[in-house]
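Worksheet: one structure, shown below.
Each reported figure results from applying straightforward, stated rules to the coordinates on display, with no laboratory input. Keep in mind that this is a model prediction, so the values were computed, not measured. Cβ coordinates were reconstructed from backbone atoms using ideal geometry, including for glycine residues, and neighbour counts include every protein chain displayed.
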């Protein structure tokens with residue numbers, strides 16, 4: 001069963017498909033890393049999932065209900081942190097909590113206070129006086145305080161310093177672990193997802209190149225020295241090459257145990273995105 | 001959720017909106033005071049109309065700009081979009097909050113004006129409801145349009161300028177009269193006077209504009225997932241700004257230069273009783289609706305005016321419009337000149353059986369002659385002739401059968417005025433004389449002198465004098481200067497009679513004495529004033545004015561008139577002065593009840609109504625310098 005599932009989701013701007021026949025499937029409790037280079041369509045996908053923009057075609061299944069576009073009722077069960085924060089600059093953290101809380105029947109002011117304490121956020125300070133890192137932390141506290149069933153984060157760590165990024169990711173992991181919260185998390189920074197996401201989706205030009213466990217991807221793509229001289233066996237696809245060998249992709253079961261060198265997640269992601277081939 | 005949204009908007013924009021609303025209230029107050037200083041007879045609705053129209057637009061502009069423009073300029077609408085709140089809902093809440101404020105402003109004005117006028121018998125509940133509906137519909141249209149403009153972001157100023165130019169073009173260059181349509185018509189000059197029928201069409205158009213604009217706003221906010229409004233909300237580049245400045249200036253200049261200005265449609269009274277002929281057009285309409293009596297009055301007035309026009313050798317007199325005003329004393333009329341010399345409006349309680357029709361004719365002819373002369377007759381030399389001719393024409397039988405009561409009253413008025421002091425020099429300083437004795441006595445004196453001339457030197461001599469001075473149109477250039485001297489009434493009379501004006505006046509005054517004995521008893525019953533105004537110092541800079549009056553016989557009440565005067569104050573008229581009514585008592589001290597500043601110049605007079613003269617008699621107006 002999926003908490004979030006899309007079927008043939010599509011969004012076009014004029015004739016260009018920004019999101020093309022996207023089939024996502026996120027199970028309850030997943031921390032789903034949504035990877036892709038800049039311009040892959042991650043933010044457009046998330047905006048469709050949040051109902052901010054409508055899909056041209058396809059459906060979204062949220063909490064077991066299939067829709068063309070999420071309703072306000074659906075949105076009340078989602079916590080959302082956007083790529084850029086557009087808080088009212090004159091509002092303090094307290095003001096924002098009061099304002100945002102009014103939109104969620106499950107709002108828990110105690111949880112908000114606990115989160116801001118943990119994130120060491122000065123809630124009496126105006127949003128315009130907060131650093132970008134602080135603003136992202138505040139957005140996360142606001143997104144979590146109504147205890148959503150699904151947390152959607154759109155590249156929240158881009159532009160954050162390493163310490164703030166680490167604090168942020170620790171909180172995501174802790175929340176997922178303690179509350180079993182499903183988290184959908186887009187990024188183009190692979191390091192953010194390693195050790196955090198149990199499933200990933202890789203998007204390029206609006207199309208999903210891979211969806212599954214990150215370890216599986218690492219085992220499917222291997223570096224084989226001099227592979228072209230040996231020939232490419234059936235079921236294997238050459239997806240690139242570097243100075244140390246050829247990068248081949250095949251289902252994990254086809255790979256002999258001692259053949260090829262498994263790649264790190266980042267190398268596998270780069271190889272897959274750079275390849276012109278499509279997954280079967 | 002709605003409460004939180006309203007609280008947020010109040011927190012964010014409350015101060016700005018409060019300041020704008022206060023300024024708007026100030027605009028209404030200043031404009032109302034300015035209107036009242038020109039015409040104290042206006043009610044609160046009429047006085048506040050012009051200011052309210054501007055104020056409501058100002059408030060609508062500020063509120064919509066803050067609610068919409070600010071949101072999109074700071075991109076905070078993206079924050080709202082992430083909340084469980086649809087765009088349409090967000091826009092509708094903003095529209096509702098702003099509209100509620102603008103309507104509250106309009107409602108507050110209606111309530112305050114109603115409270116101020118609660119004792120005004122003309123302001124019935126139905127009429128106030130109509131005024132309220134006009135104000136609220138205008139406010140809805142103004143706010144709807146301003147709110148929609150907010151979504152055009154950086155293009156809103158060019159759009160406002162282009163729309164204003166288009167409306168000016170339509171109004172000035174085409175047959176379409178913008179100012180008589182929709183919201184413009186609701187707050188035009190008929191606002192506080194048109195009580196007959198509800199302006200249903202204008203109300204519907206205004207509401208449709210308001211609601212339609214709000215609906216388009218919702219559409220615009222939702223179009224292309226809100227990206228259009230967001231894009232429009234971005235700041236204008238210098239190149240773009242330059243393009244619009246050049247495009248608007250060039251486009252407007254070209255269009256306005258290429259099309260001729262339309263001739264303005266003549267003023268007309270809808271469904272009025274018409275009477276035309278002999279170079280005279282008269283329209284009579286009671287605001288409550290046309291009656292058969294209107295046609296009779298229209299025809300009778302036309303006949304008298306046509307006779308006067310013939311006598312003065314005037315081919316065509318400016319049109320005269322008569323409208324009903326049942327709050328006026330039936331012995332009085334109120335006169336206005338229409339812009340662009342379009343005609344004369346005379347208001348009075350003419351359906352009332354006690355209405356003075358002679359006064360209606362005199363006022364209509366007097367002001368028609370002013371318009372016909374282009375205002376030339378107001379100069380000192382000719383003013384007395386202008387004031388006296390209308391009543392002279394009546395009393396000499398030119399306007400039909402002479403009413404004996406009118407003639408007797410005229411004779412009594414002249415004798416009373418003579419007793420106050422009268423000489424040939426008063427005709428040379430006519431404005432000051434009329435200011436001293438009042439309009440009615442002044443008119444009677446001037447008419448009496450003309451009647452004397454008629455009796456001594458023949459009707460033709462007076463007709464020739466009137467034709468030369470009142471009937472001719474003199475070019476408004478340097479020739480007017482020569483004409484003023486050459487055709488001054490005093491000079492013309494002296495030339496025609498071969499006698500000095502002083503001698504003629506002396507003859508006339510002597511002749512008046514011969515009429516005294518049959519009127520002596522009636523004259524003795526008319527109150528006569530003795531005494532003077534007194535200036536009381538209250539501290540270093542405050543001054544008060546009191547009257548020490550001796551009145552015999554004692555009238556029922558005394559009316560104190562006053563008006564502060566500055567260098568720009570034109571001709572004074574008691575109709576537009578401030579007035580205080582006091583019960584006449586044997587005690588002689590009357591307090592004006594207002595404090596003035598040292599150095600001010602104030603015109604004051606004390607008057608009482610005389611039934612025998614059917615007008616006011618006064619102490620004699622004076623200008624006091626408050627030392």
* Which of B:433, B:143, A:210 has the fewest Cβ neighbours within 10 Å, and the rest in rising order -> A:210, B:433, B:143
* **Helix-only [θ]222 nm of chain B, DSSP H runs n ≥ 4, -39500 (n - 2.57) each, per residue, nearest 500** => -18000 deg cm²/dmol
* Structure fact -> Taking a ≥ b ≥ c as the square roots of the eigenvalues of the Cα gyration tensor, with a/c under 1.5 meaning rounded and otherwise prolate when a/b exceeds b/c and oblate if not, chain B is prolate
* **Value of [θ]222 nm, deg cm²/dmol, for chain A, DSSP H segments ≥ 4, -39500 (n - 2.57) each, nearest 500** => -8500 deg cm²/dmol
* Who wins for biggest fluctuation among A:150, A:254, A:121 in a Gaussian network model of chain A, springs between alpha carbons below 10 Å? -> A:254
* To do: Note the angle between two axes, namely the Cα long axis of helix B:238-258 and the longest principal axis of the Cα atoms of chain B, as a number of degrees from 0 to 90, rounded to the nearest 10.
  => 40 degrees
* Asked: Under the Kirkwood approximation for Rh and a Cα-based Rg, what ratio Rg/Rh is obtained for segment B:376-524?
  -> 0.96
* Asked: Quick one: which of B:465-473, B:97-105 comes out on top by average Cβ neighbours within 10 Å, and what's the full order, highest first?
  -> B:97-105, B:465-473
* Asked: Taking only C-alpha pairs under 8 Å that are 6+ residues apart, what is the relative contact order of chain B in percent?
  -> 9 percent
* Structure fact -> Percent of all Cα-Cα pairs per 10 Å bin for segment A:136-280, counting from 0 up to the last occupied bin, reads 10, 36, 27, 18, 8, 1
* Structure fact -> Per-residue average of other protein chain Cβ atoms inside 10 Å, peptide B:10-22 -> 1
* Asked: What share of all Cα pairs of segment B:30-148, in percent, falls into each consecutive 10 Å distance bin?
  -> 13, 36, 26, 15, 8, 2
* Going by the alpha-carbon gyration tensor, a ≥ b ≥ c the square roots of its eigenvalues, is segment A:214-274 rounded (a/c under 1.5) or, if a/c is not under 1.5, prolate (a/b greater than b/c) versus oblate? -> oblate
* Just counting partner chain Cβ atoms within 10 Å, what average do the residues of peptide A:66-78 show around their Cβ? -> 2
* **C-alpha long axis of helix A:265-274 to longest principal axis of chain A, angle in °** => 70 degrees
* Asked: Can you give the direction-averaged projected area of the convex hull of the alpha-carbon atoms in segment B:275-408, in nm²?
  -> 8.2 nm²
* Asked: If you count, for every residue in B:83-94, the Cβ atoms of partner chains within 10 Å of its Cβ, what is the mean?
  -> 3
* Structure fact -> antiparallel share of DSSP beta bridges within segment A:4-211, to nearest 5, in %, is 50 percent
* So in the protein assembly as shown, what percent of DSSP beta bridges are antiparallel if you round to the nearest 5? -> 75 percent
* Asked: Two-decimal Rg/Rh of segment B:527-625 from alpha-carbon positions, Kirkwood Rh?
  -> 0.97
* Ratio of Rg to Rh over chain A (Cα coordinates, Kirkwood Rh, two decimals) -> 1.02
* To do: For helix A:109-118, report the angle its Cα long axis makes with the longest principal axis of the Cα atoms of chain A; keep it between 0 and 90° and round to the nearest 10°.
  => 60 degrees
* Asked: Of the peptides B:439-448, A:21-30, how do they stack up when ordered by the mean number of other Cβ atoms within 10 Å, highest first?
  -> B:439-448, A:21-30
* Would you please classify the overall shape of segment B:121-212 from the alpha carbon gyration tensor, given that a ≥ b ≥ c denote the square roots of the eigenvalues, rounded means a/c under 1.5, and beyond that prolate means a/b larger than b/c while oblate covers the rest? => oblate
* Asked: Viscosity 0.890 mPa s, temperature 25 °C: Stokes-Einstein D of the protein assembly as shown from its Kirkwood Cα radius, in µm² per second?
  -> 70 µm²/s
